[in-house]
Structures are given as structure tokens and as C-alpha cells.
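Asker: Mind having a look at this structure? Questions to follow.
Here, each number is a calculation from the coordinates, and none is a lab measurement. Please read these numbers as outputs of a predicted model, since none were measured by experiment. So basically every Cβ, Gly included, is an ideal-geometry build from the backbone, and we count neighbours across all protein chains shown.
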């Protein structure tokens, strides 16, 4: 089931649900128009019979609504009696038409909500290897949007009905309830799910959700959000596969913007940069910057002319000149200039050694040490 299928399951976005509601609205509007015209024609008719406006309005009111008071004036004229009968029939018919329209609107709304819930329940029951997102706050919204763009099957759980209405309108599968309860997770199909993401801002709730989910499904991958670094160990002991600390990630990003602005600028143009950075760190790599001082022997030489000695494996991803121009994937014929900054991908343990080598001019040119 792709993202288009999700949109079809969300009740507020289906045309079939909107058509009956529009029909009932048209019925109410038509009934009001007929009722108003009946009242106006009746008032004018009584006034033409010689009654005052107040007497005519009073007569129309007690006639249409069947109050049963006596006539304002005796109606001995057969034509006036026939006219009054017509007013009764037209007024009661139009008022009943209006009331039936309102009743239809209420009934259709309740029926549509029921049918929409049934359709959504059946849709969730058919999911397999899907993702369960616990929490639809700031992080949950971003996560759900990314999953929807990727065409993944997922279910959103939250206790806030207003938030879930937004998700349902966007065509997502939603469940109103507390994700710490077993019945709620079971209704989300946790036994068939592949991943559960607990992204609530409350660390305690995330721990309880992790414990409950791990008990219900021993094989499911659980990714939990943690606000406090001290919660990470608790979440892992509770059964979380991985723990994400948004505050720590944000702080690390700010630090990179301060300490390695050029490398961060390169990453800023790469899709899913945080994922890329984390993947590089998992295999021991990181982006490093090597600024060439004015008196560095590298200036005036090409990238093909230099290396830093045996065991120094790195890749020059870009070169940033002193005027701020960034050359991505520079050719080996690129000539280095003073104050150029090399953006290199290397093992994280070599960054300091590379800096020392550049400062101390321990550079090898075609096998000869400088």
C-alpha cells in the first residue's frame, strides 16, 4: 500500500463522503427558501383580504405552526378558507423539509464517521511489516511526513484528537489512544509491525511504550526518542534497539557550524544530511577541514602532486578558497592557493595528525619528503 492508498483511507479527503453532505445542505437551503416564500405569500394574501400586517403575521404564525388559537377575524369567504388551507399545507411541508435536511446532515455525519472508522480499522488490519509512530507532536509530524513521502505504511498513535484529525486529513492511518496500553498497540498491529518509533517528548512515557512493545513483539525494531542523555541507558535496557537524542543532535550540528563551517556547507546540499553524518560516524569517518597557511609548501601545487605519507587514506571532497568560493569534486589538476581550505573525508582519528602534518610541512611530493 503506497501513499496514494493512505489518502484514499482518510475519510475527510474522500469525495463520496462529501457528496451526501452537500445534498443535505441543498435540501435545507431549498426548504428554507420555500418556507420563506410561503410566509411572504400568505402575509400578502391576508393583507389583500383587508387585514393589517400585524394581523396577517399573527395569522400566518398560528396557522403554520398549528398553535390552534382562533382566527383574528372570521373567515366566511370560501376563497380565504381555501387560501388558508394552502398556507397550512405549504408551510408544514416546507418546515418538515427543512427539519429532514438537518436530520439527514446529523445522521450522515455520524454514519460517515462510523464507516470511516470501520474502513480505517480494516485498512490497519491489512498492514504488515509497517511502522508504528507513537506521538504526533513536532517530531512525530516530521517523521510521519517523511514516511509518507517515502511511501511507507505506518500508523500514528496519539491521545490528542485535534492532532490526529490533521493526520487523518492528510490520509494517514490514525488511532486515538494511549500507546502505553497493550490494547492500543495491538489495535495498531504491533504483532505484524516491523518498526515502532516512540517520539513522545516525555521520557517516562517512551520507556513505558518501549517496555510494552518489547513484551508484545520480541522481534520488532524499537527506535525511541530521549530528551535527557541519562535516559538513553534506561531506554536501551527497556528494549529499545536505538535511541535518538534530538537535543544532542542539534547541539552537535551547531558545533559543526561553528568548528567546521565549510564541511557543514557541503553537507547542507546533501539530502538527509543528518543521516549521512551518522552513517559516516558509524564507520569511523568524518568530514575534516585543512586550512593551508600562506607559507605552506602546498601552495602552487596540484592535488595530484601531494600525499601525506603511508597510512593516510583520505578523499578531497571540495576546496574552499579564501574568497568563499567552493569547488566540489576538484580535479587532480586543481592548483592550491594560500588560505585554501581542503574539505576531506578521512578517519576521525587522523584529523589532528593531518593538521599537524600541514603545519609542520611534513609533506611528501612524489616520494620525496619536504
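Asker: Please say if the stretch 168-223 is rounded, prolate or oblate, where rounded means a/c under 1.5 for a ≥ b ≥ c the square roots of the C-alpha gyration tensor eigenvalues, and otherwise the choice is prolate for a/b larger than b/c and oblate otherwise?
Answerer: Oblate, because a/c is 1.5 or more while a/b does not exceed b/c.
Asker: Neighbour counts of other C-beta atoms within 10 Å: give me 214, 320 arranged from fewest to most. It would help to have the intermediate numbers written out before the result.
Answerer: Numbers: 214 17, 320 22.
Going from least to most buried by this count: 214, 320.
Asker: Give me the number: length gained by fully extending residue 44 to residue 325, i.e. 0.36 nm times residue separation minus the C-alpha to C-alpha distance, one decimal in nm.
Answerer: 92.7 nm
Asker: Sort 294, 221 by Cβ crowding within 10 Å, fewest neighbours at the top.
Answerer: 294, 221
Asker: Test of understanding: ordering 93, 341, 212 by Cβ neighbours within 10 Å, fewest first, what list do you get?
Answerer: By the 10 Å Cβ count, ascending: 93, 341, 212.
Asker: Okay, next question. Measuring from label point to label point, each 7 Å out along Cα→Cβ, what is the residue 252 to residue 92 span in nm?
Answerer: So the label points at residue 252 and residue 92 sit 7.8 nm apart.
Asker: OK, next. Mind listing the Cα extents of the stretch 24-95 along all three principal axes, in Å, largest one first?
Answerer: Computed over the Cα atoms, the extents are 41, 21, 20 Å.
Asker: For the stretch 131-244, just say rounded, prolate or oblate: build the C-alpha gyration tensor, square-root its eigenvalues into a ≥ b ≥ c, call rounded for a/c under 1.5, and beyond that prolate if a/b exceeds b/c, oblate if not.
Answerer: It comes out prolate by the Cα gyration axes.
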